[in-house]
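The values are calculated or read from the model by the stated rules, or taken from the named source; none is laboratory data. Source: prediction; values computed, not measured. In this analysis, Cβ positions are derived from the backbone assuming ideal geometry, glycine residues included, and neighbour counts consider all displayed protein chains.
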Amino acid sequence: MRHGHVLTFAVALMVSGTANAEDEARGPVTLLPVDYWTGGYVGIHGGFGFGTGDFSDQKVPTGFGSIDPDGFDIGIFGGYDRKFDNFVLGVSASANIGNVDGSGSLQSIDWCSQLICGGAIGNSDIWDLSIDYSINAGARGGVLVNDRTLLYATGGVAVARVNLKNTNAVIIGTYNPDLGAPLDFDRTHVGYYVGGGAEYALSKRFRVRGEFTYSDYGSETYGNPGFIPVGEIDLEMFNTRVGISVSF
């Protein structure tokens, strides 16, 4: 019986020694870092924006004024990223709707006041400007502070669908509707956006972000061509949004 115990102990030592030798031959085990960033993603976000719609009259040099829209919006976003060492590059897009609007007094179109407007437009009107929706599409690139935290810059094409409506009851009640001149106009502004943000990977699947963007939507002419060219609105917006996304 004693010899049996000795034999068992000897075999155990041999197996242990062989395993240790194999471990030493393989070297230390290195755990590869987790890539939280390569792949596609979709998410939802929301936030607050404010801006300025500067007005200029095409017909008379005395036209001036501005409307400063602000409000909250929500939207969806998505894109694709790829990690290169400590850098992340990708493409992204977003679509947003909300309650972003403002009103202001616009001094405009003295000649109109003599024709159909009873002097009201020439004496300054109240107009509402609202952003029905906005779309951004572009690229982003950033640096990893650590495996889970990304600081990035972004930029690309910005689109906004804008409505400009006269809210002065005097004007709406005095112009001749038979002349085909409703003072309610929709235009699509196309410009650019730039911005930056920070994003944190909660896991391989979920990430949270905060982002700030400046959008210059350029100028569009509002009015009925050949009859009531109200003037040009040059629109710019500043937006701050937070969001959460799922990766795939």
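Can you tell me which of Val190, Val170, Val159, Val143 is over 24 Å from Phe72 (Cβ atoms), out of contact with any helix residue (DSSP H, G or I) (no Cβ under 6 Å at 6 or more places or on another chain) and either at pLDDT 95 or above or outside the structural domain of Ser92 (by TED's automatic domain parsing) (or both)?
On inspection, the qualifying residue turns out to be Val143.
Quick one: is Ser247 polar (S, T, N, Q), exposed (fewer than 15 other Cβ atoms within 10 Å of the Cβ), on the phi < 0 side of the Ramachandran plot and modelled with pLDDT of 95 or more?
no
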